[in-house]
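J.: Take a look at this one; I'll ask things after.
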Amino acid sequence: MNEETAAEEKNSATTVQDQSAKIDSAEEALPPLTLWQMIGSVMSAAVGVQSKENRERDFARGKASHFIMVGVGFTILFVILMATLVSFIIRQVT
């Protein structure tokens, strides 16, 4: 009986390793996110809304450094847009 149990554990461990290898190779086969997909994800994050599917896609296929760069760029553009808008409104009022 101990030999059968040991054999089953070995087969179980091998199966887990095989499944892990398949998952790793499947993740490597996924194409990286496009610029538009990253921009859409960053804008969704700015608003605070993101679908579960897109969030899983972002974590599986995206790189943190790319999201950080797009996020910083989005923040800079947002600040410039708000400053311009406030300046325009103040000029119109006064």
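The values are calculated or read from the model by the stated rules, or taken from the named source; none is laboratory data. No experiment lies behind these values; they were computed from the predicted model shown. Reconstructed Cβ throughout: ideal geometry from the backbone, glycine too, with neighbour counts over all protein chains shown.
J.: Name the single residue, out of those in region 56-94 being closer than 14 Å to Ala46 by Cβ and of a type in the set (Gly, Ala, Ser), that is surrounded by the most Cβ atoms within 10 Å (Cβ to Cβ).
T.: Looking at the filtered set, the residue picked out is Gly71.
J.: Testing Lys52 on (1) at pLDDT below 90; (2) exposed (fewer than 10 other Cβ atoms within 10 Å of the Cβ), one condition comes back false. Which one is that?
T.: The single condition Lys52 does not satisfy is (1).
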